[in-house]
Amino acid sequence: MRRLSPTAASRYPCAMSAELPTDATTFTRIAAPSDEGIRIARFLADAIEGLSRSRVKTLIEEHRVHRDGTPVTQPAEPVRPGACYALDFPAAA
């Protein structure tokens, strides 16, 4: 998959890139029916190449992961089919 610019990502709110970002970017993905019950941390880590579950957990603790616009607070929360999950990556330091 190709990486979307932040502007393109806002126009396509649930498009997803499989690459790690190099700047502040939001990546989103819609959960498929086959994703039901998978822990959010695993679901998102598997969706983006090079992203670990521990990194996703940190992003969740920093309130940078949302489901349908609502902050996700538990990395072990099960994925809901049809939900749009978004990760807000901070800018590289």
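Among the residues of region 37-71, count how many are over 19 Å from residue 91 (Cα atoms), assigned to a loop (DSSP other than H, G, I, E, B) and modelled with pLDDT under 95.
The total comes to 3.
Considering region 72-93 alone, what residues qualify as being part of a loop (DSSP other than H, G, I, E, B) and touching a Cys at 6+ places or on another chain (Cβ under 6 Å)? So that I can check it myself, show each step before the final result.
So the first thing to find is which residues in region 72-93 are part of a loop (DSSP other than H, G, I, E, B), and the list is 72-77, 79-83, 90-93.
Matches in region 72-93: none.
Open to solvent by less than 60 Å² (accessible area, probe 1.4 Å) and either over 13 Å from residue 26 (Cβ atoms) or in contact with a Lys or Arg (Cβ under 9 Å, 6 or more places away or on another chain) (or both): is that true of residue 56 in this structure?
yes
Which condition breaks for residue 4 when tested against (1) at pLDDT 95 or above; (2) open to solvent by less than 70 Å² (accessible area, probe 1.4 Å)?
Result: residue 4 fails condition (1) only.
The values are calculated or read from the model by the stated rules, or taken from the named source; none is laboratory data. What you see is a predicted model; the values in this text were computed from it and never measured. Cβ: placed from backbone, ideal geometry, glycine included. Neighbour counts: every protein chain shown. Surface accessibility is based on the protein's heavy atoms, side chains included, excluding ligands, DNA and RNA. Shrake-Rupley method; radii C 1.70, N 1.55, O 1.52, S 1.80 Å.
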